[in-house]
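The values are calculated or read from the model by the stated rules, or taken from the named source; none is laboratory data. None of these values were measured; they are calculated from a predicted model. Using ideal geometry, Cβ is built from the backbone for each residue, glycine included, and neighbour counts are taken over all protein chains shown.
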Amino acid sequence: MKITEFMDTDHIEIGKLFDVYLERHADGSAAYGIFAQFRNRLERHIACEEEVLFKIADDVAGKDNMLTGELRLQHDRIKELLSKIQQALKAGSNAKIFNDDLFAVMSAHEKMEDDSFYSWLDDTLDEKAKNEALASIVEVSKRYKI
Ligand SMILES: [Fe+2]
Ligand SMILES: [Fe+2]
């Protein structure tokens, strides 16, 4: 299986959870529970990338390559916004400004991964390396109860 296909499926499922949360974000405790589910799923995806795919890319392209450097910065911004949203929901205040920011950052980030990163990995790695990467991703995913 291609890395692009596997990771894209995850993007789509994360996007669906984000949509459900956005529809319910003003619904008090219900919003909090839905957000927690979305956050957990997104953090699982990020962990799989940082602990498996970015490491492979750094081994191939060098630790100071521009691509994983930029993607890591975007992950940090996404994690920061997830914390801000959680704090806002906990305090019962409106999270809309952070929701909008997260939507924008995630959209740009996913496009960069789809157009440049995953496809580069698929072109660069042989079948064996790809299968090993996907098996490692499944292992990292097990840490997250979803
Ligand atoms: Fe990512
Ligand atoms: Fe991703």
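Considered as a group, the residues in the range 79-120 that are in a helix (DSSP H, G or I) and more than 17 Å from the chain's Cα centre (by Cα) include one that is farthest from ligand 1 (Cβ to nearest atom), and that residue is Ala91.
For the range 15-62, residues that are within 25 Å of Asn94 (Cβ to Cβ), within 16 Å of ligand 1 (Cβ to nearest atom) and not aliphatic (A, V, I, L, M) total 7.
The set of residues from the range 1-21 being of a type outside the set (A, V, I, L, M, F, W, C), under 12 Å from the mean Cα position of the chain (by Cα) and within 24 Å of Glu127 (Cβ to Cβ) comprises Asp8, Thr9, Asp10, His11. Scan the range 5-14 and give yes if some residue there is among the β-branched types (Val, Ile, Thr), surrounded by fewer than 15 Cβ atoms within 10 Å (Cβ to Cβ) and within 15 Å of ligand 1 (Cβ to nearest atom), otherwise no. Yes, that holds for at least one residue.
Taking every residue in the range 99-117 that is free of Cβ contacts under 8 Å to residues at least 24 places away in the same chain and pairing it with any residue that is away from ligand 2 (no atom under 12 Å from the Cβ), at least 6 positions away or on another chain, the pairs with Cβ-Cβ distances below 7 Å are Asp101/Leu81.
Taken as a whole, the condition of being exposed (fewer than 12 other Cβ atoms within 10 Å of the Cβ), more than 16 Å from ligand 2 (Cβ to nearest atom), small (Gly, Ala, Ser) and closer than 20 Å to Glu51 by Cβ does not apply to Ala91.
Scanning the range 79-118 for residues that are modelled with pLDDT under 95 and hydroxyl-bearing (Ser, Thr, Tyr) yields a count of 2.
Pairs linking a residue in the range 8-22 that is outside any helix (DSSP H, G or I) to a residue that is within 14 Å of ligand 1 (Cβ to nearest atom), with Cβ atoms under 8 Å and 6 or more positions apart or on different chains, do not occur.
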